[in-house]
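Every number here is computed from the coordinates shown, using simple stated rules; none is lab data. Source: prediction; values computed, not measured. Positions of Cβ are backbone-derived with ideal geometry, glycine not excepted, and every protein chain shown enters the neighbour counts.
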Amino acid sequence: MIQPNLTCPIAFFDLETTGVNVASDRIVEISILKIMPDGTKEIKTKRINPTIPIPEQSSEIHGIYDKDIAGEPTFKGIAKSLADFLKNCDLAGYNSNKFDIPILVEEFMRAEIDFDLKGRRFVDVQNIFHQMEQRTLKAAYKFYCGKEIINAHSAQADIEATYEVFLAQLGRYDGVEFEDKKGNKSIPVINDINALHSFTNINKNADLAGRIIFNEQGVEVFNFGKHTGKAVEQVFRDEPSYYSWMQNGDFPLYTKKVLTDIKLRMAFNR
């Protein structure tokens, strides 16, 4: 097996967190695979008390609940030893540039640890995947249909290619099993529009922009900002001015319409 050519240690790491908001969410577990230039490896995994409740929807994804971390140290309690372990290491992971590194640095800053990023290199495996296996229509047409698009980027040529890709997907994935992040297995790509609708609408958006989504209970929750994961109705009850702020803000008109519908529903059910 090929080995990475290293001039300093590189730490591949992954985080489980209370949510996806870099500014406000916390780490509940960290696992680090540290690889030395001579090829030796060391792995550390540690659960962390985030000092805030773990939302149920996050626990359902990573399987870590409040009771599981009640007796664990806080990040501040391990920050110094963790920074020492990562000293002089380059950093790597999957989607690490966008999520794991920013939230790790936030935690170090809250713990008042100067985790210096100067001179470190960052390797994001997801970005290698997405750039080498491009998710463009041209790449999909070549992959599924084995052809090049003639007159690419004309609307008619693109939509005809899209339909050919769709037909090829129906054939390619007929009977193919899929396992989601929770370990549930199914055969989702079947010749049925209802089934394909459910499979391709990953985030269950309540609006078109994904600012508001449905949670596991079918309740509209915010999907951005300080109220991420909170029910829209509850936020409007606790902070009535938030509705006005969004209506006057730079949000899509359809998002504002969905918010108004929720507001009217609340008034009707009062």
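Where in segment 161-199 are there GluC sites (Glu not before Pro) that are in a DSSP coil and have at most 11 other Cβ atoms within 10 angstrom of their Cβ?
Here the GluC sites (Glu not before Pro) that fit, given the DSSP loop and packing criteria, are GLU177.
Arrange the following residues from fewest to most other Cβ atoms within 10 Å of their Cβ: PHE236, PHE166.
In increasing order of surrounding Cβ atoms, one gets PHE166, PHE236.
Over all alpha-carbon pairs in segment 219-270, figure out the percentage whose distance exceeds 16 Å.
Tail fraction, whole percent: 34.
Which of the three applies to the chain, rounded, prolate or oblate, going by the alpha-carbon gyration tensor with a ≥ b ≥ c and a/c under 1.5 meaning rounded?
Oblate, because a/c is 1.5 or more while a/b does not exceed b/c.
Report the calculated FRET efficiency for LEU208 and LEU33 (r = Cβ-Cβ distance, R0 = 45 Å), to the nearest 0.05.
0.70
Would you count, across segment 122-189, every pair of lysines whose alpha carbons are under 29 angstrom apart, provided the pair is eight or more residues apart or spans two chains?
Counting lysine pairs in segment 122-189 gives 4.
Based on the Cα coordinates of segment 10-129, what is the per residue volume of their convex hull in Å³?
It is 112 Å³ per residue.
Take LEU253, LEU259, LEU137 and order them by how many other Cβ atoms sit within 10 Å, fewest up front.
Neighbour counts put them in this order, fewest first: LEU253, LEU137, LEU259.
ILE212: net charge of surrounding residues, Cβ under 14 Å, Lys/Arg +1, Asp/Glu -1, itself excluded?
Charge balance near ILE212 sits at +3.
Looking only at segment 18-40, which residues have a backbone nitrogen under 19 Å from a spot 7 Å from the Cα of ASN97 in the C-beta direction?
22
Could you please rank THR74, THR162, placing first whichever residue has the fewest other Cβ atoms within 10 Å of its Cβ?
In increasing order of surrounding Cβ atoms, one gets THR162, THR74.
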